[in-house]
Amino acid sequence: MKILLEDTIPFGRDYLSDVGDVTTYAWQSLAPEKLQGIDILALRSTTKVTPALLAKADKLQFVTTATAGTNHLDKDYLTSANINFNSAAGCNAVAVAEYVLSVLLHAHKAKKLDLNKAKVGIVGAGNVGSALSRILTVLRIEHILCDPPLEESGDTRSFKSLSDIAKCDVITLHVPYVKAGAHPTGQLIDQDFLASLSSDQLLINACRGEVIDEASLLARLQQDNAPTVVLDVFDNEPHVDTSLFDYAWFVTPHIAGHSVEGKVRGTQMIYEQICDIVSAPVNKALGDFLEPTTPVVAKLAHPKAEHLSFDDLVAVFHQVYDISIDDAHTRDTLMAEGTLGTQNNESIGSKFAALRKQYRVRRECSAYVLEVPSSTSRNIQNTLSALGFEVKLA
């Protein structure tokens, strides 16, 4: 079984070398000729699977992407060509949820909101939205879900309307980019929705840039009483409009899901899929490839309290992931061009793409041993454990 593997897939060859005959490729140089004689194509979102790319794929039977998103796959063509396909849906869900948590804790610290009283509206209750909901439940943060497709599918959770979401203190977006059908998400957050928001509200987009009407967003942010906005994604990536940076609170280069665990989990998932295709045993696991981390010391101000305070959580969690570091690096890199908007587009595009490709090592809570004072209450220990930490009394 011949497998063609994109060389940016973490540990891809290590996972698949004993499953089939593996050849790697650089996404920039992939030509249709390289797919001749290939049975399985494994890739990331940098490879666009189109009819033109597959023109000489004479044996291809399976395409899989080690990413949660699938917009880079021409699924209609693959179906018509009888080529099965899959993805690593959900691989980055925890990472994106932790990204949002980092934002919320910054907002609490900056007194932009009080997490003891705030209501969070989650638009999109799939893998990411569900992971975020679990975290918010652990932290006793009130939240509601909006997901019409899931609601119509019979999902038994309680769902609210988008108009209900617009009234929340925090609106966080976690939907796929859907261009057509009963529930398209392109410009879901439109001029009218943005006009309804105020400076007391926080809007986070960590799904797809196309979900927000970006021109209307820029205009709204230049008006009085504008909401606080955090953007990980942009329209027309990687050629982003940097004029938004002057008005957004935090900006990052589409890295919300880019934890080490998220990336390697994607490889694990496609490895298991390919093992199933070739009837090979699954004998490798995520833990075989992850490096141990240095323990994190939790300096809790109120370890004996009944519940973990958000001030204490800020001190702990921002040692693990602090979005302000990514924001500063993004601005330092892209704003070196000045406030250019869409000018010097190629330079901005190449730098944005490089920020994603060369992103720093970031680990999820589950990677860390958290050393807490011996006096820490059982409830606080349980909360930290539920966030993924291995809790150890110091």
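The values are calculated or read from the model by the stated rules, or taken from the named source; none is laboratory data. Note that the coordinates shown come from a computational prediction; the quantities given were computed from them, not determined experimentally. No Cβ is skipped: glycine too gets one built from the backbone with ideal geometry, and neighbour counts run over all protein chains shown.
Can you pull out the residues in the range 355-394 that are among the β-branched types (Val, Ile, Thr), within 23 Å of Arg140 (Cβ to Cβ) and either in contact with a Ser or Thr (Cβ under 6 Å, 6 or more places away or on another chain) or not in a helix (DSSP H, G or I) (or both)? Reasoning before the result, please.
Looking only at the range 355-394, we keep the residues that are among the β-branched types (Val, Ile, Thr), and these are 361, 369, 372, 376, 380, 383, 391.
Now restrict to residues that are within 23 Å of Arg140 (Cβ to Cβ): 372, 376, 380, 383, 391.
Val372, Thr376, Val391 - these are the residues of the range 355-394 that are among the β-branched types (Val, Ile, Thr), within 23 Å of Arg140 (Cβ to Cβ) and either in contact with a Ser or Thr (Cβ under 6 Å, 6 or more places away or on another chain) or not in a helix (DSSP H, G or I) (or both).
So, Thr228, is that one over 23 Å from Gly129 (Cα atoms), surrounded by 19 or more Cβ atoms within 10 Å (Cβ to Cβ) and over 19 Å from the mean Cα position of the chain (by Cα) or not?
No.
Of the residues that sit in the range 231-269 and are farther than 20 Å from Asn71 by Cα and aromatic (Phe, Trp, Tyr), which one is surrounded by the most Cβ atoms within 10 Å (Cβ to Cβ)?
The qualifying residue surrounded by the most Cβ atoms within 10 Å (Cβ to Cβ) is Phe250.
Read through the list (1) free of Cβ contacts under 8 Å to residues at least 40 places away in the same chain; (2) part of a strand (DSSP E or B); (3) farther than 13 Å from Val175 by Cα, then give the number of the only condition that Lys111 fails.
Lys111 satisfies all of (1) free of Cβ contacts under 8 Å to residues at least 40 places away in the same chain; (2) part of a strand (DSSP E or B); (3) farther than 13 Å from Val175 by Cα except (2).
Pick from the range 10-30 the residues that are in contact with a Phe, Trp or Tyr (Cβ under 9 Å, 6 or more places away or on another chain) and not β-branched (Val, Ile, Thr): which of them is nearest to Ser279 (Cα to Cα)?
Leu16
Quick grid of which residues meet (1) under 19 Å from Leu202 (Cα atoms); (2) among the basic types (Lys, Arg); (3) surrounded by fewer than 17 Cβ atoms within 10 Å (Cβ to Cβ):
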{"site": "Ser87", "(1), (2), (3)": "no, no, no"}
{"site": "Ser102", "(1), (2), (3)": "yes, no, no"}
{"site": "Lys109", "(1), (2), (3)": "yes, yes, yes"}
{"site": "Cys146", "(1), (2), (3)": "yes, no, no"}
{"site": "Glu152", "(1), (2), (3)": "no, no, yes"}
{"site": "Asp155", "(1), (2), (3)": "no, no, yes"}
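Kindly indicate whether any position in the range 79-87 is assigned to a helix (DSSP H, G or I) and not assigned by TED's automatic domain parsing to the domain that holds Thr156.
The answer is yes, given that some residue of the range 79-87 is assigned to a helix (DSSP H, G or I) and not assigned by TED's automatic domain parsing to the domain that holds Thr156.
Pull out all pairs, ordered by first then second residue, where Cβ-Cβ is under 8 Å, the residues are six or more apart or on different chains, the first lies in the range 72-99 and is without any contact (Cβ under 8 Å) to a residue 60 or more places away in the chain, and the second is among the charged types (D, E, K, R) and assigned to a helix (DSSP H, G or I).
So the pair list comes out as Phe85/Lys75; Ala97/Arg134.
What is the number of the single condition among (1) in a loop (DSSP other than H, G, I, E, B); (2) out of contact with any Asp or Glu (no Cβ under 6 Å at 6 or more places or on another chain) that Thr172 does not meet?
(1)
Considering each residue of the range 312-332, count those that are farther than 16 Å from Asn379 by Cβ and over 21 Å from the mean Cα position of the chain (by Cα), and give that number.
Taking the range 312-332 first, the residues farther than 16 Å from Asn379 by Cβ are 314-315, 317-332.
Now narrow it down to the ones that are over 21 Å from the mean Cα position of the chain (by Cα): 315, 332.
Looking only at that region, the number is 2.
Only one of Leu150, Leu104 is within 30 Å of Glu272 (Cα to Cα) and not in a loop (DSSP other than H, G, I, E, B); which? Outline the logic, then answer.
Values: Leu104 fails: within 30 Å of Glu272 (Cα to Cα).
Checking each option against the conditions leaves just Leu150.
Is at least one residue of the range 26-40 closer than 24 Å to Leu290 by Cα, crowded, with 19+ Cβ neighbours inside 10 Å, aliphatic (A, V, I, L, M) and out of contact with any Leu (no Cβ under 8 Å at 6 or more places or on another chain)?
Among the residues of the range 26-40, not one is closer than 24 Å to Leu290 by Cα, crowded, with 19+ Cβ neighbours inside 10 Å, aliphatic (A, V, I, L, M) and out of contact with any Leu (no Cβ under 8 Å at 6 or more places or on another chain), which makes the answer no.
Checking the conditions here, which among Glu346, Glu364, Glu306 is acidic (Asp, Glu) and more than 22 Å from Lys109 (Cα to Cα)? Lay out the reasoning, then the answer.
Values: Glu364 fails: more than 22 Å from Lys109 (Cα to Cα); Glu306 fails: more than 22 Å from Lys109 (Cα to Cα).
When all the criteria are applied, what remains is Glu346.
Residues to consider are Thr46, Thr70, Thr64; find the one that is polar (S, T, N, Q) and modelled with pLDDT of 95 or more.
Thr64
Condition test on Lys48, is it touching a Pro at 6+ places or on another chain (Cβ under 7 Å), of a type in the set (D, E, K, R) and more than 18 Å from Val282 (Cα to Cα)?
It is false that Lys48 is touching a Pro at 6+ places or on another chain (Cβ under 7 Å), of a type in the set (D, E, K, R) and more than 18 Å from Val282 (Cα to Cα).
Do you know which of the residues in the range 193-223 that are out of contact with any helix residue (DSSP H, G or I) (no Cβ under 9 Å at 6 or more places or on another chain), more than 16 Å from Val120 (Cα to Cα) and charged (D, E, K, R) is surrounded by the fewest Cβ atoms within 10 Å (Cβ to Cβ)?
Selected residue: Glu210.
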